[in-house]
Each structure stands twice: as structure tokens, then as C-alpha cells.
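Novice: Take a look at this one; I'll ask things after.
The values are calculated or read from the model by the stated rules, or taken from the named source; none is laboratory data. Just so we're clear, the structure is a prediction, and the values are computed from it rather than from any experiment. In this analysis, Cβ positions are derived from the backbone assuming ideal geometry, glycine residues included, and neighbour counts consider all displayed protein chains. Surface accessibility is based on the protein's heavy atoms, side chains included, excluding ligands, DNA and RNA. Shrake-Rupley method; radii C 1.70, N 1.55, O 1.52, S 1.80 Å.
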Amino acid sequence: MRHFSDAYAALRRKNKGQYALLAGCSFFSVLLITAYVCMMRSSTILSVLPEGGDSRKQVMMVFVLAVIGCAVFTAYAAGLFFRQKSRETGVFLALGTTRRQLQAEMGKELAVISLGSCAAGAVLGGPLAWVVWQLFRLFLVDSQEMALTFDPQSYLLSLAFAAYVVVMLFFLGGRSIRRTNIIDIVQESHKSEPIREVKRWYGPVGIVLVVTGALAGYLMPTFFVTVLHWYPPEGLTAVFYLPALIGMYMILLHTVVNGWRKRHRYRDIIATSMMKFQGRQTVRNMLVMTLLIAGAYFASFYAPMLNTSSAYSFSARPVDFEYHWRNDQNWPQREEVESLAAEHDVDITSWTQADAAILAGDGYVQMEQDNGALGTTYTDEYREIASGDTFFSESAWNALTGQSIDLAPGTCANVLDDEGGSDYISGGDVTLITNMVTGERLSVIPAEPLCFTMLLGSYVLDDGDYAAITAGLTDDWRETWVFFNVADVESSYPFAHAMFNELVDRSGPEIEVFDAWDPVERELEMAETGSYDYDSEEYLAAHQLSVIDYDDRDSSEFRNYWLYMPQFRVLDQNDFVTTMAVFLVLFIFIALICFAAVIVIAFTRCMTIALTNARVYDDLRHLGAPDRYLFRSVKGQVSKVFLVPAIVGTSVIAAFYLMIMYFNDNRFTPGEFAGMAACAAVIAVLSAVLYGVYRITRRSVCRTLGIRRR
């Protein structure tokens, strides 16, 4: 070695494991973030996730958790690298090497490591997302909507994260060299990271903070909207989740330092002390793992909850086939449907047909005021004509539902679901009904709500009142509803599919609208402004709303949001996975990304503990400690790193999910119970996977330390 760079290169070859660890962590972090961003910003995904919708918010929330987790994980790996390298730096400084020389050599190393690993992660992130997506299409589900396309601008977020990694590495590297005390530099790799004294009340208080933060974070947006009439700026309500984050940190501290069971003061004192002396970084990593596990489970619950609850709702329908049309449309009548059924060897066993009308109801309309950075406020303004709804006569209701009601004249009943809930989906009570053609009005008194999920959101009037208020309505304000059953619903899919195509083919452009389109509101806006926003494809596209297209009838947007979409049990059951394919696969992909990050972080941390404490275990072995005792010590440390975040993260997200299910409509429906049972099965499977990784990691740590279990 004739030059300083030769000596530096020799040390680099000797410590290549440290360099590989740092490069691997940087590469893996950028790879995951790039894959996530490419998927999240893909036009394939954005086209089915409505702007401002819950699904998009969930995707963004888990993305933030993934970014935080990967950022902390990479910073930890860099800190560990420079701590281990500090001894070399101190020795070189003691031998007279200048800081400029060290900075030059370290700059070369960091440039190669950071730029190389980040570039590789960014380049391979997109192909990784594409390959995983294609595997999903091949083995899980495929549809015309799942052709994946990437937005080149999505790489801007990936480059931003890669820039963070590069800047962070150079900052920490420069700081490690700028230290003036050579002895401190030499001893840096031997310094511990002890946790200050943790009182036993940390655990209970942490649990209280988690519960408080979860409730506040979830309920405060509703409080702002319903009580204060204020839509706060995006992201402000996330502040209320901070107590939950602090609470989880306190729970982890208490678990690492004190544990939840009383134990003998000297039992496992070695393992416990090692965890305490390296506690800061350990607890930080455990907190990141906890958040990622919570986010991963939150994403993984989407598919089983949606699939199970939907399957339950399909099977619970009292009618096999339902469709309705506006009377100015040329939809198939009974004879045509029976003829089509005969062509597919389907036997129609019952047929019920009834009339309905679109009438205007009174109510409160939100008048919004944009306050810029302060969000939007609104006031409720009563209007005699607020919106349009579907109205049935009591005779039509009895014929369709099989019930027997007799409403008093001058009363009106709104329709809830079969469990008597979902008030927020129903139209609510009306007191004034208007015929939009003749201008005739009818004052009514709200009657006791009725229950029938397939007619949720409609209204029922007394026969005499219905006949009076609907007199003079034209066909474009009248509807016909049909319920029919078949002998063998499971074999009727070809007929259902043909029937669906027949309905779409015979629909006119005037009903090529999505379900929020309201003819009453359209009349009002046309009279006031001469236009209706929901008639404009440009407006719908600009606000990320569904643009209904008959040529795109098999898409999730069409199936979920077409105003006149029929309810065919066998069609909905068989096509559900295909219709919701993008949603299901997206959230499965997110869960895989988060779980992969958890596994890598946990494995890396456990192996770091092994390398850091190798000298301690060697001393214990020379003092006579048997392998059984050393194994128990390793098990105590590795189990806390793996199992504590898994238990805390799983418990927190399970409780949070239960809370969400309940506060949706202040009850648990049978479909939600079935979905939660499926989520419990997912937890069991993924917990078993994490436990298997824990066993593999524990075995690797023991092999590294030369500990044999007997």
C-alpha cells in the first residue's frame, strides 16, 4: 500500500459486510418507495380511486407510514454504519491523517454507495411493481381495467426520497468526521443507547393515549363537519392521531424495559440489560415496525372485508333479479325477458312489476364558502325543493316486497335497509313533495320508516296521495320496477349477462349518467345558470367523478355508479372480483410492501443486536454460561423485536377497525361480522408467517453467535 487510498480500500474490503448492509438498506428502501409510488400514481389506479374518497385516503395514509418507516430504517442503518466506522476514523486522525483526506475518501465511498443503491432501487422499483401486478393478474384476477400504465411524474416522489437518502448519508458522514475529540470518535462504536428510567405507569397511560388518539382522530372530522359546519384543510385532522402515536411509543418502552409481568429482579438480567442499553434505536425501530404492521393489516383487511360482506349482501337479497327503467326508455318487457330466458334454459318462477315516480322533496341544502387555507365552511339552508327521490305507492311497495302496509293519508315513509339502519344513505324525512311537471305540492307527515335494502333511499306514499301527486307526470319522470326469481339461480349466469347487455344496449344517452345525477337538481340549475355540472364530462373528469360510458360497461366505474345498474344476484356474485379487481389487488400489493419492510427491518435489527453483543456473549461463554442460557437470552431479545410490534400493531389496528365498523352506522351488521371473521383469519395467517420469519431470524442470530440449542 503506497497511498492513503490503498489503506482505506483495504479496510473497506475487510469490513465489506458493513458496506453491504448500508447499501442493501438504502437500495431496499428506495425500491419499496418507488414500487409503491409507481403503483399509487398509476393512471390505472387513479382512474378507479375517486378524488377525496376513502380508498385514496387509505392508500395515502399507508404510503406516509411506509415513507416514515423506510426513512427511519435507512437513517438507523446509516447511523449504525458510521458508528462502526468511527473507530477507523479516530485511528486515522490519531495517526495524523487530515479531515480533508478522510472526507475525500468517505465522499467517494458514499457517492458510490448512495448513488448506486438509490439508482438501482429507483430503476428496479417500477419493474418490481409491474411484475407483482402481472403475477396478481395471472394467479388472482384479471380484467380489462388492470392493464397497468405508469405515470413518469411518479418518479419525482421516488427521486425525492432517494435525494433524502443521499443527503442524509453525506450529512451523517460529514458529522462523524467533524468531531474534534479523537477519543470520543474511537469509542463511538462502543457507546450504548440507554433508555432513561421508565415508570410502570407508562404502560397503562400508553394504552389510554392510544384509545384517546384513535377516537379523537376518527371522530373529530365528523365533529368539525356536523357541529362546527367546517371542512378543515386536508391533513389537519391527522394531528388528532398524535396521542395514539405517543401512546404506542410508551407501550413499547414499557414492554422493553419493564415488561407486563412481575419477574424476579435477576431473572434474564443479561438479556434485559442489553435491550435497555441499546433501547433507543430498538424502540424506534419497534415503533416503525408497529406502524407498518398496522398499515399492512389495514390494507390487507380491505379485500376480505369487502369480499365477505358483499357476498353476504348478495346472498341475503330476497329477489334474484331486479331492474328498473325510466318510462321513456325502450327496455325489455316481460315477454321479451321470458323469451331471452327460454333461450338460455332459465325458468322464471315469479314476476312482480310496479310503477314508481321521481318527485322533488324538501330539505336542507349546504351552502359552502371557501375560506382558502382555513378550509370550507357551510350553512344549512332550507328549500322547499331540494332534491329528487323515487316514490312508490303503498300498493306497489306491498307487491314488490311482499309486505302488507297501510299508510295513513298525508303521511310518507322513508326506506332504510333490512336492519333498520343506514340513515345516512336513506333520503331522510320529507314534509313537502312537489310534482316537477305540474307544480302540484303535497304536505306530508313522516311515518315510521320501512325496511328493504333493495329499495334503500326511496319513499312510500298512501295510494290516494300517490295518485294525486303523480297526476300529469310525463314518462321521463316515471319509472317501472321489476322483481323476478328463477328456478336455478346458480346456472343462470349466461342469461343474466345477456340480460345486462340487452339493458345497456337499449338505453338512451339521456340516462348515461352516474348515480349522483339528480333530475330535480338539474331542473333547478338549468333554470338558474343554464347548465348542470353533472352533464359535463369535463366537470366530472376535473373533479375525479365517474364518467359513465356504455362502451365501458364491464368497468368498476360503470358497474358501481351507473344510475340504472340492475341488481342480478348471480351476475354480481360471479363478476364481483373482476369488477373490484383493481381495488383488491392494489390493497394486497400495499400490504405486501409493508410486510416486506417489516421483515427486513426486524431481521436487520436482530442481526445488528447479535453483532453488537457478540463480545458480550463470548465473555458469558468464557464465564461458563451454557448454550441453553445463551439461547434463552437471544430468544428474549429477538422475540421482543419481532413479537412486541406484531402484538401491539395487530391489537391496535384490529380495535381501530372494529371502531370504524361500529361508528359507520352505530351498529354491527351480519355482513360486517362475516367480514371481521375473514379479517381474523387473515391475522392468523399473517401472524403465522411473521412467527416463521421470527424463528428463521432467531436461528440466524444463534448461528452468527455460535450458540447451539440443545
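Novice: Identify, from the list 549, 535, the residue that is surrounded by fewer than 19 Cβ atoms within 10 Å (Cβ to Cβ) and touching a Ser or Thr at 6+ places or on another chain (Cβ under 9 Å).
Specialist: 549
Novice: Can you tell me which residue in the range 633-690 is farthest from residue 222 (Cα to Cα), limited to those that are in contact (Cβ under 8 Å) with a residue 24 or more places away in the chain and not in a helix (DSSP H, G or I)?
Specialist: Restricting to residues being in contact (Cβ under 8 Å) with a residue 24 or more places away in the chain and not in a helix (DSSP H, G or I), the top hit is 669.
Novice: Could you please let me know if residue 154 is modelled with pLDDT of 85 or more, crowded, with 16+ Cβ neighbours inside 10 Å and of a type in the set (Ser, Thr, Tyr)?
Specialist: In short, no.
Novice: Return the total of residues in the range 385-408 being surrounded by 15 or more Cβ atoms within 10 Å (Cβ to Cβ) and over 20 Å from residue 469 (Cα atoms).
Specialist: Here the count works out to 3.
Novice: For the range 185-217, name all the residues that are more than 21 Å from residue 259 (Cβ to Cβ), surrounded by fewer than 18 Cβ atoms within 10 Å (Cβ to Cβ), modelled with pLDDT under 80 and not β-branched (Val, Ile, Thr).
Specialist: Of everything in the range 185-217, those that are more than 21 Å from residue 259 (Cβ to Cβ), surrounded by fewer than 18 Cβ atoms within 10 Å (Cβ to Cβ), modelled with pLDDT under 80 and not β-branched (Val, Ile, Thr) turn out to be 187, 189, 190, 191.
Novice: Take residue 708 and tell me if it is part of a helix (DSSP H, G or I), basic (Lys, Arg) and farther than 26 Å from residue 207 by Cβ. Full working, then the answer.
Specialist: On the way: part of a helix (DSSP H, G or I): no; basic (Lys, Arg): yes; farther than 26 Å from residue 207 by Cβ: yes.
No: the conditions fail for residue 708.
Novice: Restricting to the range 553-611, name every residue that is within 30 Å of residue 644 (Cβ to Cβ) and among the polar types (S, T, N, Q).
Specialist: 604, 608
Novice: Would you kindly identify the strands (runs of 3 or more DSSP E) lying entirely within the range 441-513 that contain at least 2 residues that are among the aromatic types (Phe, Trp, Tyr)?
Specialist: 478-486
Novice: Going through the range 563-581 one residue at a time, which ones are among the hydrophobic types (A, V, I, L, M, F, W, C) and open to solvent by less than 10 Å² (accessible area, probe 1.4 Å)?
Specialist: Correct list: 568, 570, 571, 581.
Novice: Here's something else I'd like to know. Only one residue in 617, 561, 550, 534 is over 27 Å from the mean Cα position of the chain (by Cα) and modelled with pLDDT of 85 or more, so which one is that?
Specialist: Only one candidate passes the filter, namely 550.
Novice: Pairs please, first residue from the range 100-119 and without any contact (Cβ under 8 Å) to a residue 60 or more places away in the chain and surrounded by fewer than 20 Cβ atoms within 10 Å (Cβ to Cβ), second anywhere and among the hydroxyl-bearing types (Ser, Thr, Tyr) and assigned to a helix (DSSP H, G or I), Cβ atoms under 9 Å, 6+ apart in sequence or on different chains.
Specialist: From residues that are without any contact (Cβ under 8 Å) to a residue 60 or more places away in the chain and surrounded by fewer than 20 Cβ atoms within 10 Å (Cβ to Cβ), the pairs are 104/5; 108/5; 108/8.
Novice: Looking only at the range 433-470, filter to residues that are over 21 Å from residue 324 (Cβ atoms) and of a type in the set (Gly, Ala, Ser); which one of those is least open to solvent (accessible area, probe 1.4 Å)?
Specialist: 447
Novice: Go over the candidates 364, 382 one by one and state the one that is within 34 Å of the chain's Cα centre (by Cα) and either touching a residue at least 12 places away in the same chain (Cβ under 8 Å) or open to solvent by less than 40 Å² (accessible area, probe 1.4 Å) (or both).
Specialist: Sole residue among the options that is within 34 Å of the chain's Cα centre (by Cα) and either touching a residue at least 12 places away in the same chain (Cβ under 8 Å) or open to solvent by less than 40 Å² (accessible area, probe 1.4 Å) (or both): 364.
Novice: Right, something else. Are any residues in the range 239-248 touching a residue at least 24 places away in the same chain (Cβ under 8 Å) and either buried (at least 19 other Cβ atoms within 10 Å of the Cβ) or over 13 Å from residue 204 (Cα atoms) (or both), and if so, which ones? Before you say what the answer is, go through the steps one by one.
Specialist: First, the residues of the range 239-248 that are touching a residue at least 24 places away in the same chain (Cβ under 8 Å): 240-248.
240, 241, 242, 243, 244, 245, 247, 248, listed by residue number.
Novice: Checking the structure you have, find out if any residue of the range 659-666 is modelled with pLDDT of 85 or more, of a type outside the set (Asp, Glu) and over 14 Å from residue 700 (Cβ atoms).
Specialist: Yes, that holds for at least one residue.
Novice: Can you pull out the residues in the range 696-710 that are open to solvent by 80 Å² or more (accessible area, probe 1.4 Å) and either at pLDDT 90 or above or of a type outside the set (Lys, Arg) (or both)? Reasoning before the result, please.
Specialist: Restricting attention to the range 696-710, the residues satisfying the condition of being open to solvent by 80 Å² or more (accessible area, probe 1.4 Å) are 696, 699, 703, 708-710.
Passing the criteria: only 696.
Novice: Within the bounds of the range 379-396, is there any residue that is modelled with pLDDT under 90, part of a strand (DSSP E or B) and β-branched (Val, Ile, Thr)?
Specialist: Yes, the range 379-396 contains a residue that is modelled with pLDDT under 90, part of a strand (DSSP E or B) and β-branched (Val, Ile, Thr).
Novice: Out of curiosity, is residue 584 within 30 Å of residue 44 (Cβ to Cβ), open to solvent by 10 Å² or more (accessible area, probe 1.4 Å) and either over 29 Å from the mean Cα position of the chain (by Cα) or not small (Gly, Ala, Ser) (or both)?
Specialist: yes
Novice: Among the residues of the range 640-683, write down those that are surrounded by fewer than 16 Cβ atoms within 10 Å (Cβ to Cβ) and closer than 30 Å to residue 708 by Cα.
Specialist: 647
Novice: Open to solvent by 60 Å² or more (accessible area, probe 1.4 Å), under 22 Å from residue 105 (Cβ atoms), modelled with pLDDT of 80 or more and in a helix (DSSP H, G or I), is that true of residue 223?
Specialist: When the stated conditions are applied, residue 223 does not pass them.
Novice: Would you check if residue 696 is within 19 Å of residue 602 (Cβ to Cβ) and part of a helix (DSSP H, G or I)?
Specialist: Judged against the criteria, residue 696 is a match.
Novice: Cβ contacts < 9 Å: first residue open to solvent by less than 20 Å² (accessible area, probe 1.4 Å), restricted to the range 602-629; second residue aliphatic (A, V, I, L, M) and not in a helix (DSSP H, G or I), any location; separation 6+ or different chain. Result?
Specialist: 617/625; 617/707
Novice: Of the residues that sit in the range 275-303 and are at pLDDT 85 or above and of a type in the set (S, T, N, Q), which one is most open to solvent (accessible area, probe 1.4 Å)?
Specialist: 300
Novice: Can you tell which of 516, 527, 541 is modelled with pLDDT under 90, surrounded by fewer than 14 Cβ atoms within 10 Å (Cβ to Cβ), assigned to a loop (DSSP other than H, G, I, E, B) and of a type in the set (A, V, I, L, M)?
Specialist: Selected residue: 516, the only one of 516, 527, 541 that is modelled with pLDDT under 90, surrounded by fewer than 14 Cβ atoms within 10 Å (Cβ to Cβ), assigned to a loop (DSSP other than H, G, I, E, B) and of a type in the set (A, V, I, L, M).
Novice: Quick check on the range 233-274: of everything there that is over 21 Å from residue 65 (Cβ atoms) and charged (D, E, K, R), which residue is modelled with the lowest pLDDT?
Specialist: The qualifying residue modelled with the lowest pLDDT is 265.
Novice: State which residue is nearest to residue 225 (Cα to Cα) when the search covers only the range 346-361 and only residues that are of a type outside the set (A, V, I, L, M, F, W, C) and either open to solvent by less than 50 Å² (accessible area, probe 1.4 Å) or free of Cβ contacts under 8 Å to residues at least 40 places away in the same chain (or both). Break it down stepwise before answering.
Specialist: First, pick out the residues of the range 346-361 that are of a type outside the set (A, V, I, L, M, F, W, C): 347, 349-350, 352-353, 355, 361.
From what is left, the residues that are either open to solvent by less than 50 Å² (accessible area, probe 1.4 Å) or free of Cβ contacts under 8 Å to residues at least 40 places away in the same chain (or both) are 350, 352, 361.
Details: 350: 46, 352: 42, 361: 23 Å.
In this case the residue turns out to be 361.
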